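The values are calculated or read from the model by the stated rules, or taken from the named source; none is laboratory data. Nothing here was measured: the structure is a model prediction, and the numbers come from that model. Counting neighbours? That spans all protein chains shown, and the Cβs are built from the backbone with ideal geometry, glycine included. Only protein heavy atoms, including side chains, enter the accessible area calculation; ligands, DNA and RNA are left aside. Shrake-Rupley method; radii C 1.70, N 1.55, O 1.52, S 1.80 Å.
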Amino acid sequence: MSFPAHRPRRLRRTELLRDLVRETRLSAAGFVYPMFVCSGGRVRQEVSSMPGVFQQSADQIVEECREVESLGIPGIMLFGLPETKDARGSSSISSTGVVQKAIEAIRKASLKLLIITDVCLCEYTDHGHCGVIENGEVANDPTIEILAEQALSHARAGADIVAPSDMMDGRVGAIRKKLDQNRFENIAILSYAAKYCSGFYGPFREAAQSAPQFGDRRSYQMDPANAKEALKEVAMDLEEGADMVMVKPALPYLDIIRRVRERFDVPVAAYNVSGEYAMVKAAAQKGWVDEKRVVIEILTGIQRSGADTILTYHAKDAAKWLKG
Ligand code: PBG
């Protein structure tokens, strides 16, 4: 393949030619839009570090869901901001909890959207950790019992997919068992399988009011330096019954997305997280980057690396831009 017989520029000459041979066709059909639901009515409070993202009550969530659906985005990921927090995250398993009530409200509005729920304790515990504390440590096995109850309560309220993000060992198996015992064998599990201990979750912790009150999450989330361990985590979650697996964050871990894609023949999701979103927003507001261009480039890169599904706060904007 050499010049002058080969001239790669021939196929770059016009937009039609470039379209014809494009390898990655970014589409809103693979997007999931994360949303933050709080209690009350008519609440819509913008998250200061995430322009365009709101903490909102269920009635407002329903309104935004209509827009999300009309843009051709198939699903949302719901996070809850409960009224009360305690050491065991009890409000997370209540049938009248914020997330459970929001799911019911969305269902009542007869939207077709897929409702995916984040299953974790950090938004519901007063100490902000993703599990219960025993002897000063995040205790694994007692935590997965609560997570399984939480997932069940989401399924009862009408969730389509539950997504555990806590990184406790064995939680996928515990959730699968609990769902099956309660005849929710058709509710899928999207596991946050390779979730790294990342500085890029900063803005999310403002949005979800879930920063740990002591220590950090290094004893349960993955070390950013490890790749082989991610493959082990994914293999274990699939073994336990995960239907889809996620890599998170996305941009510093495109190599992990690629390796998971190549090793496992299951749907792979990537989470383009809050800090990745905030950096683009901040630079765009300063006029330092062209927001539309960099967002499409970022999402294309994540899809090209192997993700079938992309969770992103840019979903609505990107869907509009892709429509032209
Ligand atoms: C809950 C959870 C977090 C995110 C998703 N689920 C935060 C964390 O682990 O601290 C981060 C999402 C984002 O940054 O956009 N455990």
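With the structure loaded, tell me whether Asn140 is open to solvent by 10 Å² or more (accessible area, probe 1.4 Å) and free of Cβ contacts under 8 Å to residues at least 24 places away in the same chain or whether it fails that test. Working first, answer last.
On the way: open to solvent by 10 Å² or more (accessible area, probe 1.4 Å): yes; free of Cβ contacts under 8 Å to residues at least 24 places away in the same chain: no.
So Asn140 fails the test.
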Of residues in segment 248-275 being touching a helix residue (DSSP H, G or I) at 6+ places or on another chain (Cβ under 8 Å) and assigned to a strand (DSSP E or B), the one surrounded by the most Cβ atoms within 10 Å (Cβ to Cβ): Ala270
Search result, residues across segment 27-44 that are in contact with a strand residue (DSSP E or B) (Cβ under 9 Å, 6 or more places away or on another chain) and either under 20 Å from His314 (Cβ atoms) or crowded, with 21+ Cβ neighbours inside 10 Å (or both): Gly30, Phe31, Val32, Tyr33, Pro34, Met35, Phe36, Val37, Cys38, Arg44
Residue within segment 230-247 that is among the hydrophobic types (A, V, I, L, M, F, W, C), assigned to a loop (DSSP other than H, G, I, E, B), out of contact with any helix residue (DSSP H, G or I) (no Cβ under 9 Å at 6 or more places or on another chain) and more than 10 Å from the ligand (Cβ to nearest atom) present: no
Looking only at segment 199-228, and only at residues there that are surrounded by fewer than 21 Cβ atoms within 10 Å (Cβ to Cβ) and polar (S, T, N, Q), the one that is nearest to the ligand (Cβ to nearest atom): Gln221
Residue satisfying condition, being touching a residue at least 12 places away in the same chain (Cβ under 8 Å), out of contact with any Ser or Thr (no Cβ under 7 Å at 6 or more places or on another chain) and within 16 Å of the ligand (Cβ to nearest atom), within set Cys130, Cys120: Cys130
Test for Ala307: is it within 16 Å of the ligand (Cβ to nearest atom), under 15 Å from Tyr196 (Cβ atoms) and of a type outside the set (Lys, Arg): no
Residue in segment 51-63 that is open to solvent by less than 80 Å² (accessible area, probe 1.4 Å), in a loop (DSSP other than H, G, I, E, B) and at positive phi present: yes
Helices (runs of 4 or more DSSP H) wholly inside segment 77-187 that include at least 3 residues being within 20 Å of Asp237 (Cβ to Cβ): 140-157, 171-181
Residue in segment 317-324 that is of a type outside the set (A, V, I, L, M) and at pLDDT below 95 present: yes
Tally of residues being under 16 Å from Ser191 (Cβ atoms) and near the ligand (Cβ under 7 Å from one of its atoms) across segment 261-277: 1
Scope segment 153-198; condition more than 16 Å from the ligand (Cβ to nearest atom), in contact with a strand residue (DSSP E or B) (Cβ under 7 Å, 6 or more places away or on another chain) and open to solvent by less than 10 Å² (accessible area, probe 1.4 Å); matching residues: Ala155
So Arg88, is it open to solvent by 40 Å² or more (accessible area, probe 1.4 Å), of a type in the set (D, E, K, R) and out of contact with any strand residue (DSSP E or B) (no Cβ under 6 Å at 6 or more places or on another chain): no
